[in-house]
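Engineer: I am attaching a structure below and will ask some questions about it afterwards.
The values are calculated or read from the model by the stated rules, or taken from the named source; none is laboratory data. Bear in mind the structure is a predicted one, so any value in this text is a computation, not a measurement. Calculation scope for accessible area: heavy atoms of the full protein, side chains included, ligands and nucleic acids excluded. Shrake-Rupley method; radii C 1.70, N 1.55, O 1.52, S 1.80 Å.
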Amino acid sequence: MDELKAVELFPHVNDLRNRFFSSYKELTPELLAQKPEGIPNAIGFHLRHIAQAEDWFVQGIVLGQEVAPKRKTELPDIDSILAYLEQTRERTLATLCKMEATELANQFTMPEGFRGDAVENPTFSWLFSRIFDHEVYHLAQVNMTLRLLGKEPPSM
């Protein structure tokens with residue numbers, strides 16, 4: 001009997017992307033950069049940050065590779081940002097497809113550079129859940145910012 005693959009435990013991982021990203025393709029450079037009063041980060045920042053964090057977590061922690069996430073200068077417009085988001089997600093899903101579900105219980109040592117609160121005995125299950133929850137958090141910020149800028153965000 002084949003063992004369950006880790007990816008099978010995250011069946012809805014692209015649900016919000018599938019609902020939001022087609023609308024995000026229409027974002028102008030001005031909307032990507034604009035920050036409403038009292039909002040510390042622009043839409044472009046949030047979208048880049050989602051991809052950068054996923055890239056760092058998967059390549060650096062799970063795959064143990066040297067990683068230099070793409071920076072703002074490499075992601076000047078919505079097309080390049082969405083392409084990077086797609087690239088990092090493809091890598092994440094490919095990694096999960098290779099992992100057995102039981103491997104998600106494996107622990108790892110959090111490397112230097114992690115800015116979140118310390119997690120005692122983090123597992124790969126925690127890490128992937130964190131990646132996907134992190135995205136939801138920032139997509140909500142993108143949609144809130146759109147609304148503050150007088151634009152209707154995509155519907156859930």
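Engineer: Could you tell me how many degrees, from 0 to 90 and to the nearest 10, lie between the Cα long axis of helix 43-55 and the main elongation axis, the longest principal axis, of the Cα atoms of the chain?
Structural biologist: 10 degrees
Engineer: For Lys5, list long-range residues whose amide hydrogen, built 1.01 Å from N in the peptide plane, is under 5 Å from its own amide hydrogen.
Structural biologist: Placed amide hydrogens put Ala101 under 5 Å from Lys5.
Engineer: Kindly write out, for segment 16-31 in residue order, the coupling ³J(HN,Hα) from the Karplus curve 6.51 cos²θ - 1.76 cosθ + 1.60 (θ = phi - 60°), rounded to whole Hz, with x marking Gly and Pro.
Structural biologist: With the stated coefficients, segment 16-31 comes to 5, 4, 5, 8, 9, 5, 5, 6, 5, 4, 8, 5, 7, x, 5, 5 Hz.
Engineer: With every protein chain in place, what's the accessible area of Thr109 (1.4 Å probe, Å², nearest 10)?
Structural biologist: 120 Å²
Engineer: Ignoring ligands, DNA and RNA, what accessible area per residue does the chain give at 1.4 Å, in Å²?
Structural biologist: Details: 9240 Å² over 156 residues.
Dividing the accessible area of the chain by its residue count gives 59 Å².
Engineer: Shifting gears a bit: Calculate what fraction, in whole %, of the accessible area of segment 2-149 sits on carbon and sulfur atoms when a 1.4 Å probe is rolled over the protein chains.
Structural biologist: On the way: 4130 of 8420 Å².
C and S atoms contribute 49 percent here.
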